[in-house]
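The values are calculated or read from the model by the stated rules, or taken from the named source; none is laboratory data. Because the structure is a prediction, the values reported are computed rather than measured. Here the Cβ is made from the backbone with ideal geometry for all residues, glycine too, and neighbour counts use every protein chain on show. All accessible areas refer to the heavy atoms of the entire protein, side chains included, with ligands and DNA or RNA removed. Shrake-Rupley method; radii C 1.70, N 1.55, O 1.52, S 1.80 Å.
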Amino acid sequence: MQRIMALLGLICVPYVHAESIDGCYLATDKITSFSSEESETKSTYVKISRAADDYSVEGVIWGPNFHICRIGSPIEGTDGPLQMDYADNKLVYRHSEPEYDISCELDVSFKDNTLTITDSNHHCSKYVFYCGAYIGLDKVELPKVEQGCL
């Protein structure tokens, strides 16, 4: 009986898999200029890559009046992805500078093939990623797509 159960387990393994969080999360919106009232379609995206236990995150979030927020390495002079830690089905990035009263806590959580970014105190948007005045990272939701990011 144990051999049969073991054999069934091996046969069924390909059909039972954990949902992968790496990939592209993307939404397309019409962005309008406040001054000229001209509009353009722009794609907001977050790309998550995984190598072993390391997660890299990069993306561009578009907001009103063509303001953007780029997610990437906050290290000056470095043009690359943001390294995040994985814990409890979410990616986590923490950055603090007590002398300037900065406490950035960025969480990227996943549910039903949707990514949700949380920056509850807005410190990541204001001080680490330098987002435009009309855009932030808190409560950004993006669906996972099959195609690659831009």
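A few points about this structure:
- Residue in region 29-50 that is surrounded by the most Cβ atoms within 10 Å (Cβ to Cβ), counting only those that are under 15 Å from residue 134 (Cβ atoms) and of a type in the set (Val, Ile, Thr): 44
- Inside region 95-108, residues that are assigned to a strand (DSSP E or B) and open to solvent by 40 Å² or more (accessible area, probe 1.4 Å) make up a count of 5.
- Number of residues in region 5-28 that are at pLDDT 90 or above and either outside any strand (DSSP E or B) or open to solvent by 60 Å² or more (accessible area, probe 1.4 Å) (or both) equals 3.
- Entry remark, region 56-94: residues being over 11 Å from the mean Cα position of the chain (by Cα) and open to solvent by less than 10 Å² (accessible area, probe 1.4 Å) number 2 in total.
- Considering residues of region 110-148 that are open to solvent by less than 60 Å² (accessible area, probe 1.4 Å) and acidic (Asp, Glu) only, the residue farthest from residue 43 (Cα to Cα): 119
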